[in-house]
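Only the coordinates and a few stated rules stand behind these numbers; no lab work does. The shown structure was predicted, so the numbers you read here are calculated from the model rather than taken from an experiment. Please note: Cβ atoms are built from the backbone with ideal geometry, for glycine as well, and neighbour counts cover all protein chains shown.
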Amino acid sequence: MANHKSALKRIRSSERKRLRNKMQVRTARTAIKELKLTKDKAKANELLQKVYALVDKLAKKNIIHKNNASNKKSKLAKLVNRLAA
């Protein structure tokens, strides 16, 4: 266990950040699942923009790697394009 005040504070702030990051990842993952289950192309296009924003935010904050974000966006775009009109 840490002995210095600054180390104790770092532990507390790290835990807060970890929980915030976890919540943001879970939110994005839920939105992706919702998009994958959508069969309507119009609704899927609407959800795609929302998911893009969430994933880009995660990449910008270094919660996920930018290539991981790009890969997710590419796969989701392919999925939406395959939907029947």
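Is region 2-10 home to any residue that is surrounded by 13 or more Cβ atoms within 10 Å (Cβ to Cβ) and outside any helix (DSSP H, G or I)? Among the residues of region 2-10, not one is surrounded by 13 or more Cβ atoms within 10 Å (Cβ to Cβ) and outside any helix (DSSP H, G or I), which makes the answer no. Being under 12 Å from Leu79 (Cβ atoms) and aliphatic (A, V, I, L, M) is the filter here; which residues of region 32-67 pass it? Listed by number, the residues that qualify are Ile32, Leu35, Leu37, Ala44, Leu47, Leu48, Val51.
Listed by first and then second residue, the pairs with beta-carbon distance under 6 Å, at least 6 apart or on different chains, first residue in region 57-80 and part of a helix (DSSP H, G or I), second among the basic types (Lys, Arg), are Ala59/Lys66.
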